[in-house]
Every structure is written in C-alpha cells, then in structure tokens.
Amino acid sequence: MQETMKAIVKDKAAPGARLMEVPVPQVGPKDVLVEVKATSICGTDLHIFNWDQWAQSRIKPPMVFGHEFSGIVLEVGDMVTDIKVGDHVSAETHITCGRCYQCRIGMRHYCQNCKIIGVDVPGTFAEYAVIPDKVAWVNDKSIPFEIASIQEPMGNAIYATTDGSPITGETVAIFGCGPFGQMACAVAKQAGAFKVIAIEPNEYRAQAALKLGADSVINPDKEDLYSRIAELTDRAEVDVVLEMSGHPKAIRDGFKLLRNGGRITLFGIPSQPITLDLPQDIIFKSAHVIGITGRKIFETWFQVAAFLRSSKIDIRPVITHQFKLEEFEEAMALMKEGRSGKIVMHP
C-alpha cells in the first residue's frame, strides 16, 4: 500500500484549493479504508472552494474536503465485522455521536454533535478515504461508481420532497434546479404530485428539470412569477414549496406563493442571514416550515436503493460532466457558472 496520495486540499483561509500529495489516512479499529472510484461535487464543496461566509465560519484549513463518493474497501479495522474487503461502498456523511438525546430517541439525523465528512473530518476528494464502519453503505456491485457516488444527494432530494406532508395530488413549486432540484422534480412526480412547477433562471438547468419530471418551468428573471403561477394553478398559490437554491429572493417568493396551511421545505443554504415577514409569511399563513439537512439515517438510504432498483426514475441525466481529480478547478468553474448538472470526479 502506498504511503501518500493525491488529494484536493483547502489549504488556506482564502478562495480556491490545491491538489497536493498527502499521507494516506490510517485505519482505526472501527474504520474502513476505501479506494475512491468516483466523488461528486456538492454545493457545500463549492461554498468551501469559494470561501464564503458559511465556509469561513465552519472550515478549519488545511482540510481534504468532498463527501459524496463511491469506492472499493481495501482494508477494515480490527473491530469491523459487517464490512468486507472488496465491498463496494458509499457513506452516510453525517457521523453521529449515538449518545445525545436525538440519537437515543431514534432521530440520529438531528444529532447535536454531528460531524460531517469533508467538513469536520477529512473528506473524499482523494485517491483514498477512511470512514467509520457505522456510516458505510454497501452498494450493489451492479451500480456504476458514478451513480453510486450521487446516492447521498439523491437522499437529500427524497427526504426534502417527501418529509412533512404527502404530496399526492398536490401542486409543488421547486425553487432552484441544480442537481438537488432536478432530482426533487423526478421524486415529486413519481411520488404522485399533481403538478410540478420548477422556478429556475438558468436555461441549462431549466431544460434538465423538464427532462426529469417538471411539468412547467418559470424563469423569474424574464417572467412575472406570480402571474405565471396564477396561469398554471387554479388558486394562484401552491400546496408545497421546495426551496433548493438558498437564494434570498427565492426563499421570500416561496413563502409568498405558499397557500395557507401549506408546507415549505428549506434545503438551500443562504450565504448570509436573510429577513422574512414572519407575521404574513408564517404566522397568519399557518405555514408548516421544515428545515432539511442530510437524510434520515438509514431510512432514506433504503428509499434511494429502492428508487435505483426500480425503472421509475432514471437519474443518469443528472450527471452531465466527469473529470479527473486533477481537473478540479475546471469542474468548480463549470459548476459555479451553472453550466452543469452533477459533476463527478475520478481519482
């Protein structure tokens, strides 16, 4: 086994990152060492690369970042019993403590002491990665590595779309059609939504949303959002809003368009604090507001596996570009410009 590896490192508190040669991580008694075959770029990774306000408050350089991946197990710790060398794995990237109140009542996805791979502990933009065996998810070997690498974000989309209220027969507005929003379009349609309306100014992403299940797309930069919603619905409002962009205006518009008693799910991460009209947007509207982070551990993973086994959703169109790890700067630039769906890198 080699002693060093290539990895993308957030090497200093500034925009950008570097491809560096770093030591291969060591395996602890309850860890597994994985040869990374595919690792995809998440919006969180772009936050870290750009070094925005959120990243500055959370990341402590130097740090190998990245967290969405798939690969092959090369080594297991002495106390690992259910993961074998040769297994194909991905990871639940939220490492929970198992001891806090939320963990003990079966709500590990709300763990008070959660650590995130590639944010709080070394990540997967590398040739090799070490993960705790308790977060390893064994994949069917028939699943291509690039598809297996995007199960984690697909889980985000499933959780955000289906948690909180049923959407069968409902009109759903999805703000932001990056990869998460695109997958949410597909999940919402297959979950029985009556109408899926995507709100997306980027033409590339708008077309992708239509391919993945959106019935209509509104460009809020060129069309009046409220009049278009009135044309597409019978009440000039929607039952469910999925806010996947984190853009302040999109968040405010989402609250305005939500019907009284409707559900708004917030998944996108704003780069700075925003203001809302609480009386009008939430209180008097009796809005059901849900914040989503991660997935239900491991309930959502079983749902992802079921979707992948079925022929109802084909998520391959979400992956639009694949790069070598060394080409990460080009990949980040492409993602920043919005000229891509999901970007997968291969060490």
### Query
Is it the case that Val89 is buried (at least 18 other Cβ atoms within 10 Å of the Cβ) and farther than 23 Å from Phe302 by Cα?
no
### Task
For the stretch 92-108, name all the residues that are buried (at least 21 other Cβ atoms within 10 Å of the Cβ) and at positive phi.
none
### Query
Quick one: which helices (runs of 4 or more DSSP H) sit completely within the stretch 98-196 and have at least 1 residues that are of a type in the set (S, T, N, Q) and in contact (Cβ under 8 Å) with a residue 24 or more places away in the chain?
151-162, 179-190
### Query
Among the residues of the stretch 285-319, how many are under 30 Å from Pro15 (Cβ atoms) and either modelled with pLDDT under 95 or in contact with a helix residue (DSSP H, G or I) (Cβ under 8 Å, 6 or more places away or on another chain) (or both)?
6
### Query
Given the conditions (1) modelled with pLDDT under 95; (2) surrounded by fewer than 18 Cβ atoms within 10 Å (Cβ to Cβ); (3) in contact with a Gly (Cβ under 9 Å, 6 or more places away or on another chain), and given that Gln53 satisfies all but one, which numbered condition is not satisfied?
(3)
### Query
Here is a list of conditions, (1) surrounded by 15 or more Cβ atoms within 10 Å (Cβ to Cβ); (2) closer than 30 Å to Gly261 by Cβ, and Thr320 meets all of them except one; can you say which number that is?
(2)
### Task
Of the numbered conditions (1) in contact with a helix residue (DSSP H, G or I) (Cβ under 8 Å, 6 or more places away or on another chain); (2) buried (at least 17 other Cβ atoms within 10 Å of the Cβ); (3) under 18 Å from Lys256 (Cα atoms), Gln182 fails exactly one; give the number of that condition.
(3)
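Could you check, for the stretch 256-263, whether at least one of its residues is part of a loop (DSSP other than H, G, I, E, B) and under 21 Å from the mean Cα position of the chain (by Cα)? So that I can check it myself, show each step before the final result.
Narrowing the stretch 256-263 to residues part of a loop (DSSP other than H, G, I, E, B): none.
No, the stretch 256-263 contains no residue that is part of a loop (DSSP other than H, G, I, E, B) and under 21 Å from the mean Cα position of the chain (by Cα).
Considering only the stretch 30-44, state which residues are among the small types (Gly, Ala, Ser) and either under 15 Å from Lys6 (Cβ atoms) or at pLDDT 95 or above (or both).
Ala38, Ser40
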### Summary
When every residue in the stretch 44-78 that is of a type in the set (Asp, Glu) and part of a strand (DSSP E or B) is compared, the one nearest to Phe180 (Cα to Cα) is Glu68
### Task
Just give me the residues in the stretch 26-36 being surrounded by fewer than 19 Cβ atoms within 10 Å (Cβ to Cβ) and either small (Gly, Ala, Ser) or in contact with a Pro (Cβ under 9 Å, 6 or more places away or on another chain) (or both), in sequence order.
Gly28, Lys30, Glu35
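Quick one: count up the residues across the stretch 264-290 that are closer than 25 Å to Gly169 by Cβ and either buried (at least 16 other Cβ atoms within 10 Å of the Cβ) or under 18 Å from the mean Cα position of the chain (by Cα) (or both). Steps first, answer last, please.
To start, the set of residues in the stretch 264-290 that are closer than 25 Å to Gly169 by Cβ comprises 264-267, 281-282, 285-290.
In the following step, the residues that additionally are either buried (at least 16 other Cβ atoms within 10 Å of the Cβ) or under 18 Å from the mean Cα position of the chain (by Cα) (or both) were identified as 264-267, 281-282, 285, 287, 289-290.
Count: 10.
The values are calculated or read from the model by the stated rules, or taken from the named source; none is laboratory data. From a predicted model like this one, the values you see are computed outputs, not experimental measurements. Heads up, the Cβs are rebuilt from the backbone with ideal geometry, glycines too, and the neighbour counts pull from every protein chain shown.
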